[in-house]
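This report refers to the structure that appears directly beneath it.
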Amino acid sequence: RFKSLEKINLDSIHRIERKWSDLEIPRYIEKDHSPHFLSDMNVVGKGSLLQLIGTLKTPAGIEKFLSWISHRTKHDEAFRRQEAVKELSDQLDLRQEVYCLCDSLSGEADNWKTFFNWVESYEIDEMSPYGYWLVCLLTLITPIALVTVFINPVYGIMWTPLVCINLLLSANWHKKQKSVFANLHGIGSQLDKYISLIEQVLAQKPESVYIKELRDDLVSS
């Protein structure tokens, strides 16, 4: 944590002194719908506005920033954001704690996007009541049957059909399970970091309307 905070402060000094070669270039993935003027206007790349701001680490944060830069903002919305910036400008410790948590999430856009898309599109395929009780029953009976085999091999005849039924059920649900685990692969540590980040935000009592709305969205969802 202290190493990360040290890096954050050194990077801040480099940004003030415009030492671009000592700063990382934020990872920006250009997409088909990305505005073409971002590179021309020096919004992304070395010595760019994105590198000067420098504290954008999460893939979602960079996307949001570029979206704001690329589209016209309504007058009232601009004032709401300025009010939020003014409030956060005095909270150095909070900002650095957030930067510290976000720093470890940089460069993980691909995995996170896969997971995020899966969450939004996931549909629960509910098991029938009969199937549900069958699985519950098998969960109870199978280990009992396994123990009886060890007690007396003659009871092995009880074990065989249970194994067959379990295999048939597994084959039926394998494709769905594979899809779930493929999208969850490698996301656990990232989720822990995002949880810490959200907890840090929820612990605050903001005054500006804009930050209050963002905080309320996290609570409600």
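The values are calculated or read from the model by the stated rules, or taken from the named source; none is laboratory data. Here the structure is a predicted model, which means the values were calculated and not measured. Cβ sites come from the backbone with ideal geometry, for glycine too, and all protein chains shown count toward neighbours. These accessible areas exclude ligands, DNA and RNA; they are computed on the full protein's heavy atoms, side chains included. Shrake-Rupley method; radii C 1.70, N 1.55, O 1.52, S 1.80 Å.
For this structure, a couple of remarks:
- Entries in Lys3/Lys205; Lys74/Lys212; Lys64/Lys86; Lys64/Lys178; Lys7/Lys193 that, when Cα-Cα distance is taken, lie over 30 Å: Lys64/Lys178
- Full extension of the chain segment joining Asp93 with Lys178 gains 26.3 nm, where the gain is 0.36 nm per residue of separation less the Cα-Cα distance.
- Cleavage-rule hits, trypsin sites (Lys or Arg not before Pro), segment 1-80, DSSP coil, Cβ neighbours within 10 Å at most 15: Arg1, Arg18, Lys19, Arg27, Lys31, Lys46, Arg72, Lys74
- With all protein chains modelled, accessible area of Ile141 [1.4 Å, Å²]: 60 Å²
- Relative to the current alpha-carbon distance between Trp68 and Lys7, full extension at 0.36 nm per residue lengthens the span by 19.3 nm.
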